[in-house]
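Report on the structure given below.
Laboratory data are not the source of any read-out in this text; all were calculated from the coordinates shown. Worth saying up front: this structure is predicted, and the values here are computed from it rather than measured. So basically every Cβ, Gly included, is an ideal-geometry build from the backbone, and we count neighbours across all protein chains shown.
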Amino acid sequence: MEPVRQPDPDLLIDFDNVTVRRSGHTLVGPLTWQVELDERWVVLGPNGAGKTSLLRMAAADMYPTSGTAVLLGETLGRTDINELRPRIGMSSAAVAARVPLDEKVGDLVVSAGYAVMGRWREQYEDMDTDRAVDMLESVGAEHLSDRAYGTLSEGERKRVLIARALMSDPELLLLDEPAAGLDLGSREELVEKLGDLASDPDAPATVLVTHHVEEIPPGFSHGLLLNEGSVVAQGLLEDVLTAENLSKAFRQSITLDRIDGRYFARRSRRLGRHRSNRNR
Ligand SMILES: Nc1ncnc2c1ncn2[C@@H]1O[C@H](COP(=O)(O)OP(=O)(O)OP(=O)(O)O)[C@@H](O)[C@H]1O
Ligand SMILES: [Mg+2]
């Protein structure tokens, strides 16, 4: 019999050799991954690499087909996920799609806290409202509090959903492509806010899924590169985010630059042929 592993209190995510399979197809894994208390992770990989599936497992929204997934010390499949989920904040396209368009922004944010504090709702209503304002402020969206969610721009919606994810004071914050669909200015604003959050020692451990290295906020510490559900590289961001690893993950030759703590990637120019043409 295998010995029962004791949960490590410093590990928020402890995935041991997990796979997720559906209809005979492996979406994720086998993958072993650990996220500690003060870490800020970025998960990168091409379309279909398994990023959202991995994040759903980290949100206790999907179970591993094999292996052991321990979240906040609780083993998936052996714990009440209704108690676990409020401890995890998640913003994703799926969460966004569930928001009624006529929902008032302030109510949308404050209601995220009720999942945890339902019993104290009457008593703490003012406290909740104040916290919702604080959370909106932390993402630069306090002025949107009285607006209907459906009237917000894409960038405003993304920020409001992050405020909602933070409302219940989660131990783990999961963001699936928070900058998707944003224009340059809105993306930069969001990257800055997420950078502020990353540098706040009281902020929860964070996992950010993105398609673009340009969207990695300064202060993120770790990286996980996926391709077809498998890990290409994982560890400290500066070790993981190299032209070589990105080229492997995206299966093409990538050139990577780092300027002022930010990353920029593009496909490498195929110098050989052009050069020989030019020299002819
Ligand atoms: N329930 C399911 N049944 C079968 N296949 C699935 C299921 N959910 C996801 N997949 C497949 O698993 C693979 C990984 O999907 P996932 O959404 O995790 O990728 P992703 O890395 O988030 O991609 P993207 O960058 O496009 O968002 C895809 O090929 C997808 O079609
Ligand atoms: Mg996805």
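Of LYS51/LYS104; LYS51/LYS193; LYS51/LYS158, which ones are farther than 20 Å apart at the Cα? Beyond 20 Å: LYS51/LYS104; LYS51/LYS193.
Taking every DSSP beta bridge with both residues inside region 11-241, roughly what % is antiparallel (nearest 5)? Bridges in region 11-241 that DSSP calls antiparallel: roughly 55 percent. Computed with the Debye formula from one identical point scatterer per Cα of the chain, without solvent, the log10 of I(q)/I(0) at q = 0.09, 0.13 Å⁻¹ comes to -0.45, -0.90.
Compared with the direct C-alpha span, the chain from ASP134 to ASP16 gains 38.8 nm at full extension, assuming 0.36 nm per residue.
Loop-located GluC sites (Glu not before Pro) in region 119-185 (DSSP state other than H, G, I, E, B) with a sparse environment of at most 13 neighbouring Cβ atoms within 10 Å: GLU122. Which part of region 230-269 falls in the paramagnetic zone of THR65, meaning amide N under 20 Å from the point 7 Å along Cα-to-beta-carbon? Output list for this probe position: 230-232.
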